[in-house]
1. So what's the Cα pair-distance distribution over the stretch 707-866, bin width 5 Å, in %?
2. Within 10 Å, count the other beta carbons around each residue, average over each peptide in 846-854, 167-175, and list them highest first.
3. Would you please state which residues of the stretch 139-167 a label at Arg125 would reach in this model, taking the label point 7 Å out along Cα→Cβ and a backbone N cut-off of under 16 Å?
4. Long-range amide H contacts for Gly166: which residues qualify at under 5 Å (H placed 1.01 Å from N, peptide plane, sequence gap of 5 or more or a different chain)?
5. What residues qualify as long-range amide H neighbours of Gln141, i.e. H under 5 Å apart, gap of 5 or more or another chain, H built at 1.01 Å from N?
6. Could you please state, rounded to a whole Å, how far the C-alpha centre of the stretch 768-807 is from the C-alpha centre of the stretch 667-718?
7. Just for the Cα atoms in the stretch 409-494, what are the lengths along the principal axes, largest first, rounded to whole Å?
8. Need one number for the stretch 197-239: average projected area of the convex hull over its C-alpha atoms, nm².
Amino acid sequence: MSTAPVPPTPDEAAERQPVLAERRAASPFSFFLSPFSLFLLAAVAVLTWAGAREWPGAITSTDVNQHRLDTALPPLAAGVEVRQTFRPRHDGLTEVELLLAKYGEEAAQENGGALTFQLLDEQGRVLAEQVEPSGGLAHNQSYVLRVPRQEDSGGRAYTLRMSADGPTLFSAWGYSLDVYDGGALVVSGAETAARELRFVTRYELTAGSAAASLLGSLRRDGPVMLLALMWALMPGCLLLLAALPRSLRWDAGAWWGVALALGLSAWPLGWYWLTLAGGQWSGWGLWLVLALGWGATLFLWLRRRRVAHAEGYAANDAAPPSATSFATPSGSSAEDRAGLRPIPTDRWRWEHGALALILVGGLAVRLLAVRDLGFPPWVDSIRHALITTLMVEHGQTISNYEPVLPIARFPYHFGFHTLPASLLLMTGWPLPETLLALGQLLNALVALTVYAAAWLVTRRRGAGLAAAFLVTFPFLFPAYYATWGRFTQGTAMVVMPVLVACVWGLVRGGRGWRGAWWLVGLLAAGLFLIHLRVFIYFLPFPLLVWAGSRARRTGWLVAGGALALVLVAPRIWYLFPRSRPIAEVLSTSEESYNAFPMGYITAGWERYFIGLAAVALLVVLVAALRRQRWAAFPLALGLWVGTLFLMLAGRRFGLPETWLVNLNSMYITLFLQLALLLGMAGDWLWRGLAGNGATRSLRFAGLGAGLVGALLFGVRHQVTVLNPQTILAEEPDRAALAWMEANLPESARVAVSSWPWLGGTWSGSDGGAWILPVTGLETTTPPADYSYSAELHRSVAEFNEAANAIEDWSDPASAEWLRGEGVTHLYVGARGGFLDPAELARNPALRLLHQHEGTFVFEVGAGGEE
């Protein structure tokens with residue numbers, strides 16, 4: 001049967017009309033008044049303005065950080081000079097900071113002469129000099145010597161010299177143990193017990209060094225990220241090609257976003273159900289599944305292409321020649337009208353190129369943000385490493401922490417961990433580096449699924465691009481997840497946008513969505529396994545959409561929910577009887593646990609975006625009252641956010657509070673609603689200004705200025721997004737942990753420095769926190785999951801409280817106490833904690849086994865033995 005010809009669109013009809021009169025010659029100034037030229041002019045103007053004012057400022061980062069101190073150097077005088085040599089790791093040296101020490105509290109006029117701070121290069125040339133009258137200085141003042149940027153400082157030797165032209169009361173703090181391998185301290189004219197100066201150097205990130213850093217990251221982590229993409233996309237691509245209703249038409253970017261969310265949801269379910277069946281994954285098995293999956297995907301793609309071409313030729317044969325002689329806009333072709341468009345990649349547009357640039361740029365700034373890290377930051381990363389290690393050892397999702405910890409239950413979500421566990425089984429790559437690269441890759445991919453969600457709801461690529469741009473550059477979240485190591489929540493937020501859009505399509509979309517109910521079920525089940533909290537925050541949305549649609553398509557929504565329930569029912573059954581008592585679940589003892597996180601609002605430009613969202617919501621309310629269809633979805637987003645705040649108001653409204661969720665964890669997911677709202681409102685405004693030439697030119701000029709300004713701010717914002725306080729383990733810890741794994745016996749029990757983290761749970765304060773997941777050795781403070789055992793929680797707290805109270809680790813009695821606790825070794829990381837390496841080195845009952853770049857391993861032996 002032939003397909004009826006498709007009538008030409010108005011644009012096509014206009015193109016086919018003969019030219020009856022010669023067009024008026026273009027003005028020589030027409031190019032300069034065109035929308036594109038105005039866009040460029042506005043962008044250049046903002047760049048020029050920013051360059052003249054040095055906005056948003058240079059990016060400086062810490063390089064050498066010798067932060068330990070316990071000894072004040074001798075007061076500087078005419079015959080006393082201090083020299084500290086060092087070798088920066090990076091090009092662009094700009095600052096050297098030290099901490100001043102003052103002897104006595106005499107009057108200012110008795111402070112004596114002026115202090116001179118100099119930086120010398122390898123040839124002894126003075127690169128920078130600052131002279132400070134001692135009367136203007138203070139005790140424990142942080143003093144910074146600013147240096148003209150040294151373009152090639154990486155690996156070169158420099159000398160920091162301090163001197164005075166007369167007697168002074170000032171010197172600087174140092175440390176009594178040699179802890180920095182890249183230089184040495186020399187004090188002339190006086191005696192001192194210090195072996196190292198307390199100092200910090202900083203470097204400025206230049207375009208050249210940023211490019212070099214990115215190339216290094218791609219060489220090191222590129223294979224990890226490429227394999228992760230292949231792993232995550234394969235199930236989604238296969239499912240969409242095999243089961244997606246052909247009546248649904250897809251934008252290319254949206255299709256890949258849905259495929260990504262589906263893949264991230266399918267793999268946890270695959271791991272989980274294989275475990276329930278008694279099977280286990282292996283490296284070769286994963287490679288085989290990956291190869292077969294992509295082979296099947298390619299087969300389905302080629303078959304659908306052949307079917308599409310055949311149907312297209314049939315339509316062409318039935319149509320007059322003029323009906324097919326011009327390119328037809330998307331949404332007007334015969335295939336589209338008949339609902340036969342099989343795949344999204346048959347037509348790419350410039351918006352897809354813009355989306356690709358957003359994704360590449362987002363990944364670049366996120367890799368630059370972690371360029372100096374050897375380990376993922378904060379406490380969450382450590383527990384993710386432990387869970388991943390256990391899943392690699394078992395080849396399954398786990399139900400307990402044995403044999404590394406005596407914990408017989410596993411109540412945590414495991415969906416994210418199937419990704420690094422699969423990669424490690426397939427390749428054997430190092431665990432910390434793999435987690436770090438995956439976290440930043442997934443964080444950048446949030447933009448893809450946000451774009452997909454916006455397009456699925458609005459069919460407007462402009463709205464999708466705006467939302468994707470916002471979450472990639474100027475927003476604080478999701479980029480700030482990296483500073484906490486929130487890989488699980490980050491992965492959940494890759495899935496959530498597509499799930500939200502699919503729920504909306506299932507309830508409010510066309511008939512073609514009826515056959516896509518399984519998308520909702522599969523995505524919801526995956527979200528449940530990836531992050532339970534995010535799943536709880538999602539639940540009000542389908543209820544609000546269903547109620548606001550007057551129970552439309554209840555059956556299809558119930559079908560999707562039923563599928564999700566069936567897929568995760570065994571996990572729910574496992575969790576429910578093992579949960580805390582109901583009275584404890586609906587209460588929390590910490591007043592600050594559910595405090596509103598005002599600090600997030602004042603960071604960066606967040607308050608301005610919230611203000612714009614408030615204005616946008618007012619516009620949406622007016623549009624909704626006028627029954628404009630586009631306002632329905634953003635109105636639902638606003639109601640969803642309001643419902644979440646009401647649910648978590650807790651004591652403020654006399655409601656119970658729960659340890660499961662809090663305002664902090666909820667607020668950091670709201671970037672999704674904020675981006676979608678602003679993206680849709682921005683697209684509405686853009687189309688509203690598309691009238692005459694003046695407003696058309698005005699909107700392009702505004703776009704150029706706003707885009708460049710937000711990009712300049714956003715790039716700097718993202719590269720510097722990490723909070724240095726959350727960086728526990730540093731690059732030198734990697735070599736130290738490798739030495740421990742190779743040289744310490746499996747029966748070793750290692751004492752590490754710790755601090756009280758959250759809710760009475762202690763966490764390692766330096767690289768010692770990573771010993772268990774990386775080496776398998778027992779430590780006095782395991783990853784935070786140990787709190788699932790009341791007995792282990794109590795014993796860890798008792799040890800750390802006692803250890804934290806010890807004032808002098810050089811006392812042999814401290815070693816005797818350690819032996820009584822079963823400790824055989826001690827580890828001090830580059831960041832350190834209550835274990836002081838200088839005091840430990842003076843303890844006759846301890847023996848130094850390893851020392852490198854501020855990391856130390858001691859052995860607990862008999863008193864006085866060497």
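1. Going from the shortest bin to the longest, the percentages are 2, 9, 18, 20, 18, 13, 6, 4, 3, 3, 2, 1, 0, 0.
2. The densest-packed peptide leads the list: 167-175, 846-854.
3. The answer is 147-154, 156-159, whose backbone nitrogens lie closer than 16 Å to the label point.
4. Ala78, Gly113, Ala114
5. Correct list: Leu100.
6. The stretch 768-807 and the stretch 667-718 have Cα centres spaced 49 Å from each other.
7. Principal axes ranked by extent give 43, 28, 23 Å for the Cα atoms.
8. Over every viewing direction, the Cα hull of the stretch 197-239 projects on average to 5.3 nm².
Here, each number is a calculation from the coordinates, and none is a lab measurement. Everything numeric in this text was worked out from a predicted model, so none of it was measured. Cβ atoms come from the backbone with ideal geometry, glycine included; neighbour counts cover every protein chain shown.
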